[in-house]
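Comments concern the structure below.
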């Protein structure tokens, strides 16, 4: 427990000062501020931000995460040459990456809303948006850590990171649409739900759009989703799926980290 | 009476099918300086990293102070390690890095800041590590290895990248610590330096410890007057063996 906090503390201190992380926070602040000014309506601005968050947060988390960990190789060696336990070191490294990314995101996106001032309704949706971004940061930093531990070659690692992001953002949705089109004669509600569960970005998207009363626009499927995600059962499964998306890569990465030769 | 500080027996390691260490046997006696020499790629760094538990052996055993290194972390509290490459987090300062190590080791007692003072690192430690020159970073690296007065020092190409003055300061420190009863493992390509520092030599070739013994023994069996010549003779004999 102690080692986790100590590793996290110093790594986070380094990451927070990184120019890329500061640029990431400023990027979100500018976009959010711009949308707020142009639309004049915080909820509308948030609806536009949904796509930006779903697109940018996973990309930045996975790319920044892998690049950072490849650069930190000698630093990790130095830590492991101390009397520390590898499992705790790994958790510390993961959190030392995920927390600064979360901080930059929450600060960048939240600050303009605070400046402009928002009402109660916009607060709930803002919290949903922030939660989605935080969870996605957790998932994609975990995947980034796994890639950086498993791939010795940094170019291959970075390639894998971008491929994973492309797969989950673009390719997967194409695949889902294809299945839906081909099988349109069959009842696909359950299958669609299952396919959503298998992709953290889709899960976040559906969860967010339902909060924005966008479900009405999604027709019958939207009604099915609303019924499912609105139920206790559905929420429990969603939370379990997201938890699995964070913990599975962490567990796999930890195992690889324990056996890794530095 | 000299209980071994490190006992390595039958240590083997492959990287992706390529043998890097081939059943290495090596005993490091307490209170002595041992130099691990040999051509590039002979397995010196892998051997050192195995002692630190950074690299996991495929087979064989490493015992430090009577305890097996596999499955234990606490033994590293008594080791000071100076890695070959001094690359640290860019945005931390040297002082923060030192504080991190102190935290990780949960050290409360007095630190050995002799090298920080003799290298004149005071001002440099408050700068982010990214702005320091390679040599200064190497000085920070060296100072950190000695910081916790460990009884075993493991220095991988310690003087590489240091200017003559810094290099002399570091060598004086190594000899002073040896005088205080500490054990030192160094790797080096500079034979004059080895001759100046080491009591014992381990000569690595193609992943094997081809020779382990005192400097004088090495010179005697190769019938050479200087260490440089002796090692060169070992190397050329080794190549002949491999070719044959």
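Readers should treat all values here as calculations from the given coordinates under stated rules, not as data from a laboratory. Because the structure is predicted, anything quoted here is derived from the model rather than measured. Note: ideal-geometry Cβ built from the backbone for every residue, glycine included; neighbour counts use all protein chains shown.
Some values worked out for this structure:
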{"read-out": "Rounded to 10°, Cα long-axis angle of helix A:232-259 versus longest principal axis of chain A", "value": "20 degrees"}
{"read-out": "GNM result for chain A, Cα springs below 10 Å: residue of A:236, A:81, A:204 fluctuating most strongly", "value": "A:81"}
{"read-out": "Estimated 222 nm signal from helices in chain B, with DSSP H stretches of n ≥ 4 weighted -39500 (n - 2.57), rounded to 500", "value": "-10500 deg cm²/dmol"}
{"read-out": "Order of A:156, A:205, B:99 under a 10 Å beta carbon neighbour criterion, fewest first", "value": "A:156, B:99, A:205"}
{"read-out": "GNM flexibility winner over chain B from B:207, B:72, B:43 (Cα, springs under 10 Å)", "value": "B:72"}
{"read-out": "Value of [θ]222 nm, deg cm²/dmol, for chain A, DSSP H segments ≥ 4, -39500 (n - 2.57) each, nearest 500", "value": "-28500 deg cm²/dmol"}
{"read-out": "Antiparallel %, DSSP beta bridges [both residues in chain B], to 5", "value": "55 percent"}
{"read-out": "Inter-centroid distance (Cα atoms) of region A:57-103 relative to region B:203-223, Å", "value": "41 Å"}
{"read-out": "Least to most buried among B:173, A:9, B:44 (fewest other Cβ within 10 Å first)", "value": "A:9, B:173, B:44"}
{"read-out": "Between helix A:2-16 and chain A: long-axis angle, C-alpha atoms, 0 to 90°, nearest 10", "value": "70 degrees"}
{"read-out": "FRET efficiency, residue A:259 to residue B:74 (Cβ-Cβ, R0 35 Å, nearest 0.05)", "value": "0.95"}
{"read-out": "Exposure proxy ranking, count of Cβ atoms within 10 Å, fewest first, for A:94, A:68", "value": "A:68, A:94"}
{"read-out": "C-alpha long axis of helix A:172-182 to longest principal axis of chain A, angle in °", "value": "40 degrees"}
{"read-out": "Förster-model FRET efficiency, 25 Å R0, residue A:131 and residue A:233, C-beta, rounded to 0.05", "value": "0.80"}
{"read-out": "Rounded, prolate or oblate (a/c below 1.5 giving rounded, otherwise prolate when a/b exceeds b/c) for chain A by Cα gyration tensor", "value": "oblate"}
{"read-out": "Distance (nanometres) between label positions extended 7 Å along Cα→Cβ at residue B:223 and residue B:18", "value": "3.6 nm"}
